[in-house]
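A short write-up of the structure that comes next.
The values are calculated or read from the model by the stated rules, or taken from the named source; none is laboratory data. Source: prediction; values computed, not measured. When we count neighbours, we look across all protein chains shown, and the Cβ atoms used for this are built from the backbone with ideal geometry, even at glycine.
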Amino acid sequence: MQLKIYQENAINELLQKPKKLLAYSGDKKLVFKAPTGSGKTIMMAEFLKQLVKDRDVRQSLSFIWTAPRQLHIQSHKKLEKYFEISRVLRCSFFEDLDDKKIGENEVLFFNWESINKEDNIYIRKNERDNNLSNVIERTKEEGREIVLIIDESHHHATSDISRKLIQDIGHKLAFEVSATPIVENPDEIVTVHIEDVKTEGMIKKKVVLNEGFKNLIEKGLIRTELGAGSEELVISQALKKQEDLLNGFKKEKTDIKPLVLIQLPDRIGNLEDETKNRVIRILKDKYSISTENGKLAIWLSGEHINKENVEKHNSEVEVLIFKQAIALGWDCPRAQILVLFREWHSPIFSIQGIIQLKI
């Protein structure tokens, strides 16, 4: 893939600073700060590729990649695809390890929350002797140094338990990767500036709130004329904006299909289900958008419908209903319009309206 200029610059800096740190004694820590949407995973993948091919690096290296929630699965998939041709690194889960150790130029992926539990099979002693401590011990016995990548580090690398686990890994070098890192006394910092990312069109330059409607800020909250409207009105405005964007993409001779996100509020009892059912009924009855015809996707806890290919730029899915489950690490550039419904019990979701993300 063609890297952006800011990505190439960051990778070069990522390569030079760790090479210097690896030459020092003791464990070292580097912070990689890059905005959400800048391609942190791809930059780390290309950096790792260049690192293991660099003749100036004398050490034999094994890698551990940790991430919160299910982000480690997405990262594993991305890196495996990235290394598909070069095969310079191998991407593995615990069950993929040969001889219960991390091989040279092999990356072990795992979920931080699960590994952080004392009763987790990969932490406690188990009959297969396949816990993390033994895997690391066997790896080091082969003469390899451990490089630890802590993805979205602000989520899971700050507690006392987490710090102890990081210390027990006994890494030579740790990368804390985040848009908002919380790190004390790093040995080096590599920063990608948001202005550079915007300049190259990787993230949106601005958002437009409830276009065509009056919006006021009162006591830190946004009040909008659209807030007095019905759910049907809000949805109609979102789909109208989607049609405008689609026509704009067609003029640019691209087959990108903009996606409308509808975020349901957190509500108690049956109110949440009632809101969801009303939205689904409006979409189906007025716009022929439904799960049955593949134009509607649902991504809620315990309910995943038509979400498999929703990230594809020309997916048939036109609307995605969700709550908060996809907030972390979800990669979907075609998501252009966000619909929020007012949360009556909390000021956090006080907006009923439409946010349009603009390049």
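When residues in region 255-269 are screened for being at pLDDT below 90 and farther than 15 Å from L300 by Cα, 2 of them pass.
Of all residues in region 67-111, those satisfying the criterion of being crowded, with 18+ Cβ neighbours inside 10 Å and charged (D, E, K, R) are R69, R90, K101, E106.
Of the residues in region 24-39, not one is free of Cβ contacts under 8 Å to residues at least 60 places away in the same chain and aliphatic (A, V, I, L, M).
I want to confirm something. Restricting to region 76-126 and keeping residues that are small (G, A, S) and assigned to a loop (DSSP other than H, G, I, E, B), which single residue is modelled with the highest pLDDT? Explain how you work it out, then say what you get.
Here is the first cut: in region 76-126, the residues small (G, A, S) are 86, 92, 103, 114.
Still in the running and assigned to a loop (DSSP other than H, G, I, E, B): 86, 103.
Values: S86: 90, G103: 96.
So the residue we want is G103.
Screening L21 with (1) in contact (Cβ under 8 Å) with a residue 60 or more places away in the chain; (2) in contact with a strand residue (DSSP E or B) (Cβ under 6 Å, 6 or more places away or on another chain); (3) crowded, with 20+ Cβ neighbours inside 10 Å; (4) not in a strand (DSSP E or B) gives one miss only, at (3).
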